[in-house]
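**Q** Can you keep this structure in mind? I'll have questions shortly.
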């Protein structure tokens, strides 16, 4: 008996037929964490009961210089909300305002406007000094190299502080495994060369969402351990951006406690499928191919090596990134895109390289409004409908079993170990 299935596509839905014996599972986002405890209490408890370190009020001293590193404005971290809780702890230690400096973890992103700085600092905007290092405009201090060869270069004014604190948010990250933790230092406040060398590992097999053994994360944690990230406050947010969990203390141990909560909320254990049909979740998540890659990355984690992924994404705004589009047009083969990325890291080009890498492991089909040529340039096999893509998969493997993922950006399927 055939199943009639509808999944989001653009502002509407797209439907297809899948034989009942071929449907392995319909994967929907896991339930979010419910809590009756206020966010204020959650954060205070984390700071009062740090993981792997003494309390911040015990680590700090009145004569110490304190660096507090904040995520940049592109991240969902509620920095302005969290800062007062950290300041409470430092006040208990007797640290005066003039000994505290806020640094913005820009990585390779642009500098903030003054209005954005006000938003990030909130009510303490006028009380404290803040610094943002635009790429290549400030001296760095070298701490050698990681075991993977990444130069450990941090902006020179940061290690001059006695205590380095990172404030962040823990969620899935498509090549570092998870956000938060050591990312405050690398890529946050590291040199361009450090960031690029670290990020070149994003095309490796384990550099995917939901893996703490991502080579990108392992590398940046090694760097943070050498530099010295003394304390973190990291939170977990629900889909409404409410703080539902918080962890403080050691930048690895506390981070891993947060990872457990993220996994409970959003990971789904599955059997490996021969093929996966994945929608980004409709508009605006499928507005362009650049955004659609997140759903593709998640879906690849639930399919067997050599299997197929059918990505369903309207892409009404096309590719969505000029550099991504340029690389697609200039790289004639997947191998060429991967080799180029290893030679010359470029944001936007990384999407071409990661898709190229996936195309070497899986058959990638695309149902979209893109032209056939644009889809092929991006290392996909274009299909006019999901039904036709299913037929192509079944012509290769008549007994193929499918997962269907209607909300690929919010669902992280993980093959049962």
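The values are calculated or read from the model by the stated rules, or taken from the named source; none is laboratory data. What you see is a predicted model; the values in this text were computed from it and never measured. No Cβ is skipped: glycine too gets one built from the backbone with ideal geometry, and neighbour counts run over all protein chains shown.
**Q** For the range 208-237, what are the residues that are within 26 Å of residue 56 (Cα to Cα) and either modelled with pLDDT under 95 or part of a strand (DSSP E or B) (or both)?
**A** Those that are within 26 Å of residue 56 (Cα to Cα) and either modelled with pLDDT under 95 or part of a strand (DSSP E or B) (or both): 231, 232, 233, 234, 235, 236, 237.
**Q** Any residue in the range 107-119 that is modelled with pLDDT of 95 or more and surrounded by 18 or more Cβ atoms within 10 Å (Cβ to Cβ)?
**A** No, the range 107-119 has no match at all.
**Q** Additional query: Any chance the range 78-98 includes a residue that's modelled with pLDDT of 95 or more, more than 26 Å from the chain's Cα centre (by Cα) and under 30 Å from residue 198 (Cα atoms)?
**A** no
**Q** Can you tell me how many residues in the range 177-193 are surrounded by fewer than 23 Cβ atoms within 10 Å (Cβ to Cβ) and closer than 19 Å to residue 134 by Cβ?
**A** 2
**Q** State which residue is farthest from residue 269 (Cα to Cα) when the search covers only the range 359-393 and only residues that are free of Cβ contacts under 8 Å to residues at least 24 places away in the same chain and part of a helix (DSSP H, G or I).
**A** Pass one, the range 359-393, residues free of Cβ contacts under 8 Å to residues at least 24 places away in the same chain: 371-373, 375-376, 381-382, 384, 388, 391.
In the following step, the residues that additionally are part of a helix (DSSP H, G or I) were identified as 372-373, 375-376, 388, 391.
Numbers: 372: 34, 373: 36, 375: 31, 376: 32, 388: 28, 391: 27 Å.
Among those that are free of Cβ contacts under 8 Å to residues at least 24 places away in the same chain and part of a helix (DSSP H, G or I), it is 373.
**Q** Here is a follow-up. Somewhere in the range 399-416, is a residue in a loop (DSSP other than H, G, I, E, B) and surrounded by fewer than 17 Cβ atoms within 10 Å (Cβ to Cβ)? Full working, then the answer.
**A** Of the range 399-416, the ones in a loop (DSSP other than H, G, I, E, B) are 399-401, 406-411, 416.
Pick out the ones that are also surrounded by fewer than 17 Cβ atoms within 10 Å (Cβ to Cβ) and you get 399, 416.
Yes - at least one qualifying residue is present in the range 399-416.
**Q** In the range 320-347, what residues are part of a loop (DSSP other than H, G, I, E, B), surrounded by 18 or more Cβ atoms within 10 Å (Cβ to Cβ) and without any contact (Cβ under 8 Å) to a residue 40 or more places away in the chain? It would help to see each step written out before you state the result.
**A** Kept after step one, since they are part of a loop (DSSP other than H, G, I, E, B), are these residues of the range 320-347: 320-321, 331-333, 344-347.
The next check asks that each one be surrounded by 18 or more Cβ atoms within 10 Å (Cβ to Cβ); those that pass are 320-321, 331, 345.
Correct list: 320, 321, 331.
**Q** I'm trying to understand the selection: among the residues of the range 67-86, which are surrounded by fewer than 18 Cβ atoms within 10 Å (Cβ to Cβ) and either assigned to a helix (DSSP H, G or I) or in contact with a helix residue (DSSP H, G or I) (Cβ under 9 Å, 6 or more places away or on another chain) (or both)? Full working, then the answer.
**A** In the first step, residues of the range 67-86 are kept if they are surrounded by fewer than 18 Cβ atoms within 10 Å (Cβ to Cβ); the result is 74, 76, 80-81, 84.
Hits for the range 67-86 are 80, 81, 84.
**Q** Residue 314 versus (1) within 30 Å of residue 395 (Cα to Cα); (2) at pLDDT 95 or above; (3) part of a strand (DSSP E or B): which is the lone unmet condition?
**A** Result: residue 314 fails condition (3) only.
**Q** Restricting the search to the range 255-292, which residues are without any contact (Cβ under 8 Å) to a residue 60 or more places away in the chain and assigned to a loop (DSSP other than H, G, I, E, B)?
**A** 284, 287, 288 - these are the residues of the range 255-292 that are without any contact (Cβ under 8 Å) to a residue 60 or more places away in the chain and assigned to a loop (DSSP other than H, G, I, E, B).
**Q** Test of understanding: among 11, 46, which residue is under 28 Å from the mean Cα position of the chain (by Cα) and buried (at least 16 other Cβ atoms within 10 Å of the Cβ)? Lay out the reasoning, then the answer.
**A** On the way: 11 fails: buried (at least 16 other Cβ atoms within 10 Å of the Cβ).
It is 46.
**Q** Turning to a different aspect of this structure: Residue check, residue 295 against (1) farther than 19 Å from residue 204 by Cβ; (2) surrounded by 16 or more Cβ atoms within 10 Å (Cβ to Cβ); (3) touching a helix residue (DSSP H, G or I) at 6+ places or on another chain (Cβ under 8 Å), all met but one. Which one?
**A** It fails just one condition, (3).
Residue by residue, here is whether (1) assigned by TED's automatic domain parsing to the domain that holds residue 150; (2) over 19 Å from residue 158 (Cβ atoms); (3) under 15 Å from the mean Cα position of the chain (by Cα) holds:
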site: 198; (1), (2), (3): yes, no, yes
site: 201; (1), (2), (3): yes, yes, yes
site: 209; (1), (2), (3): yes, yes, yes
site: 218; (1), (2), (3): yes, yes, yes
site: 224; (1), (2), (3): yes, no, no
site: 227; (1), (2), (3): yes, no, no
site: 231; (1), (2), (3): yes, no, no
site: 244; (1), (2), (3): yes, yes, no
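**Q** I've got another one for you. Out of the residues in the range 55-66 that are part of a loop (DSSP other than H, G, I, E, B) and in contact with a strand residue (DSSP E or B) (Cβ under 7 Å, 6 or more places away or on another chain), state the one that is surrounded by the fewest Cβ atoms within 10 Å (Cβ to Cβ). So that I can check it myself, show each step before the final result.
**A** Going through the range 55-66, the residues part of a loop (DSSP other than H, G, I, E, B) turn out to be 55, 60-65.
Checking the rest, the ones that are also in contact with a strand residue (DSSP E or B) (Cβ under 7 Å, 6 or more places away or on another chain) come to 60, 64.
Values: 60: 25, 64: 16.
The selected residue is 64.
Residues checked against (1) part of a helix (DSSP H, G or I); (2) at pLDDT 95 or above:
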position	(1), (2)
103	no, yes
136	no, no
148	no, yes
194	yes, yes
206	no, no
